[in-house]
1. Filter region 490-512 for residues that are in a loop (DSSP other than H, G, I, E, B) and either in contact (Cβ under 8 Å) with a residue 40 or more places away in the chain or open to solvent by less than 20 Å² (accessible area, probe 1.4 Å) (or both) and give the result.
2. Taking the conditions exactly as written (touching a helix residue (DSSP H, G or I) at 6+ places or on another chain (Cβ under 8 Å), in a loop (DSSP other than H, G, I, E, B) and open to solvent by less than 20 Å² (accessible area, probe 1.4 Å)), does S289 satisfy them or not?
3. Inspect region 76-88 for any residue being outside any loop (DSSP other than H, G, I, E, B) and either more than 22 Å from E236 (Cβ to Cβ) or among the polar types (S, T, N, Q) (or both) and give the result as yes or no.
4. Given the residues E236, E271, which is the only one that is closer than 30 Å to L329 by Cα and acidic (D, E)?
5. Looking only at region 186-238, which residues are of a type in the set (F, W, Y) and under 22 Å from G164 (Cα atoms)?
6. Among residues belonging to region 223-241 that are out of contact with any Cys (no Cβ under 7 Å at 6 or more places or on another chain) and β-branched (V, I, T), point out the one that is nearest to P126 (Cα to Cα).
7. Which of the residues that make up region 234-258 are open to solvent by 10 Å² or more (accessible area, probe 1.4 Å) and free of Cβ contacts under 8 Å to residues at least 60 places away in the same chain?
8. Looking at Q78, Q91 in this structure, which one is open to solvent by 60 Å² or more (accessible area, probe 1.4 Å), more than 18 Å from L316 (Cβ to Cβ), touching a helix residue (DSSP H, G or I) at 6+ places or on another chain (Cβ under 9 Å) and at pLDDT 95 or above?
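The values are calculated or read from the model by the stated rules, or taken from the named source; none is laboratory data. Treat the numbers as computed from the prediction; the structure is a model and nothing was measured. All Cβ positions, glycine included, derive from the backbone under ideal geometry; neighbour counts span all protein chains shown. Heavy atoms of the whole protein, side chains included, go into the accessibility calculation; ligands, DNA and RNA do not. Shrake-Rupley method; radii C 1.70, N 1.55, O 1.52, S 1.80 Å.
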Amino acid sequence: MAMQLVRKFVVLTAAGLILAGCQTNQVISQQPVPVSGPDEQPQAQRQALNPTPSSDTQQQEQPQTSTDLWQLTRQHMQLDLDHDDPRLQAQFEWYQKHPQYMQRVATRASRYYYYILGEVLKRDMPAEVALLPIVESAYDPFAYSHGRAAGPWQFIPGTAKHFGLKSSWWYDGRRDIVASTDAALTYLQQLHDRFDSWELALAAYNCGGGNVSKAIRRNKKKGLATDFWSLDLPKETRVYVPKLLAVSKLIRDAEDNNLTLQPLPNKPVFEQVELNSQIDLAQAAKLSSISTQELYQLNPGFNRWATDPDGPHRLLIPADTAEQFRTQLAQLPAEQRVNWARHKISKGETISTIARHYNTTSAVIREANKLSGSNIRAGKYLLIPSAKHESSEYSLSQSQRFSRKQNQLAQSDRNRVSYEVKQGDSFWKIAKNNNVSVRELASWNQMAPGDPLRVGQTLAIWKADAHQGLSRSDQQLIRRIGYSVRSGDSLYTIADRFRVSINDIQRWNKLEKSKYLQPGQHLTLYVDITEAR
């Protein structure tokens, strides 16, 4: 019976594995390949993005293809990088004076630039667009901003949803290199079609098409020019476009400005491999002979120890081990792609408590066991998909993050207080009485904020010292952001928005509990990118 459930839950076609697409395009190489779209539905999948050149000009460009991606970028720049405006000059001087920053960003971009530049050139967009993640996120797929924007292209939740970027407990499409790039380029093309200007399209990407349209209407009424440089746009947007132009100009004229950029080979860094089902990420890393850390860097959209059981069912695998991965994956029996535990239900257990024990979700357990509701009976058995390896193997997973956090708490100046749940208690009530956030209280106890509490249940509450700093062990999961207090903000609303505790905000900013926040006040926050939405 157990094996039948496994086979029903993990529907695999071992012999039918296919390569979903190499990161290639006609300008960069000569192999047309299909690439999956952001919503992962068959009808929305993009077809081959390598049209045959239709003009003599395009055909003549082919022999000029460079072996260095930076040189290829220079060959396909289209924007006016020498516009005489003080904003552009100011930004150029800043980047010019910080060559080490540019070199660090270029190194970080090396995993992704071949793919992103290729996608930009497939669409006949200016090569400068491939440099936009430098401005948006410093090419860090785990970047998270005060405006709740995430990923290399810094999508906010609403825009991400509009462009089909999926978000779930398992996965955040805003950080997925393939899905977010497809969405960002589609968005930019739509904005270009609307404004017929790449500078205005970029401005609209930053502040919204509505704001740009309003600025254009205001200038028209005054009889003024309506190009980007003439518009009265938000302060951030007024320097946003010059930043990209400055970065592009510096890369174009790198030699003249003594900027040394390590050549980026014009060859695929990774390949997209279709999986057809969920797979344990540590298992996938082993099959491709890389570390789980490297696998997460190539697949930053996945939050947990495995891919999302509902897709996307693909992984980016290093190009030099992709064939090995495909071969070994085809030989791996379906039931071994995810570990399964056979759990005997004890009296008083619920699906949610069992899910917490196995670091999974109630929905996954219900799906695995074909349960329509939440009713279970003591003495019966459940099949639970679970991680194959120790949590330390999953460097960016929820379980590893939780483990590091618990170790940090145990070794810090925090004091652990045990609290016994009473009749009428709720997460909100207990959190408020102890001046902590609901989400933090839940995470300390390996629970979700929506999980029910039982009378007599013991919860751990960690009281933080006001001067306790951020642990170094959390640096790859935590992003430091600045936040300017807005009218109507309170510590509670800010803590809830960014899923941190009130105590932590006070500790990070050395705030006195009796003082009120003031509009415009600057706060420093440390935000967990795996929890951010």
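1. Selection gives R499, V500, S501, K510.
2. No, not satisfied.
3. There is no residue in region 76-88 that is outside any loop (DSSP other than H, G, I, E, B) and either more than 22 Å from E236 (Cβ to Cβ) or among the polar types (S, T, N, Q) (or both).
4. On the way: E236 fails: closer than 30 Å to L329 by Cα.
Result: E271 is the single residue among E236, E271 that is closer than 30 Å to L329 by Cα and acidic (D, E).
5. Taking region 186-238 and keeping what is of a type in the set (F, W, Y), we get 187, 195, 198, 205, 228-229.
Result: Y187, Y205.
6. Applying the filter and picking the extreme gives V241.
7. Hits for region 234-258 are P234, K235, E236, D253, E255, D256.
8. Q78
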